[in-house]
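Here is the structure we will look at, set down as structure tokens.
The values are calculated or read from the model by the stated rules, or taken from the named source; none is laboratory data. On a predicted model such as this, the values are computed, not experimentally measured, just so you know. Here the Cβ is made from the backbone with ideal geometry for all residues, glycine too, and neighbour counts use every protein chain on show.
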Amino acid sequence: MDYDSFSKAKDMIFPRDILVGHDTLPQVSRMCDDFNFRKCGMIITGDATYKSAGKAVEEYMKDGGFEIS
């Protein structure tokens, strides 16, 4: 995360990194890279959550080089 610019998003370090705040969805693929996750995965969600956030996360993950089923 760029700490030199103002952002309403915040990284917090717990046993894992947890990203909270505004405009965090675009950062999901970067976090998966940071965790050294494999480049393939699956999004499991319901219809309402998929419409509100899941579709966007799927696109961000694909843009980040991940294969999403």
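State yes or no: is ARG30 within 13 Å of the chain's Cα centre (by Cα) and either at pLDDT 95 or above or not in a strand (DSSP E or B) (or both)? Give the derivation first.
Details: within 13 Å of the chain's Cα centre (by Cα): yes; either at pLDDT 95 or above or not in a strand (DSSP E or B) (or both): yes.
So ARG30 passes the test.
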Self-check item: Pair list, Cβ < 8 Å and 6+ apart or interchain, from the range 17-40 residues that are under 18 Å from SER52 (Cα atoms) and polar (S, T, N, Q) to residues that are at pLDDT 90 or above and assigned to a loop (DSSP other than H, G, I, E, B)
Solution: SER29/GLY64; SER29/GLY65; SER29/PHE66
Quiz item: So GLY65 clears everything in (1) on the phi < 0 side of the Ramachandran plot; (2) at pLDDT 95 or above; (3) not charged (D, E, K, R) except one condition, right? Which one?
Solution: (1)
Quiz item: Are any residues in the range 38-56 within 16 Å of ASP23 (Cβ to Cβ) and over 13 Å from the mean Cα position of the chain (by Cα), and if so, which ones?
Solution: SER52
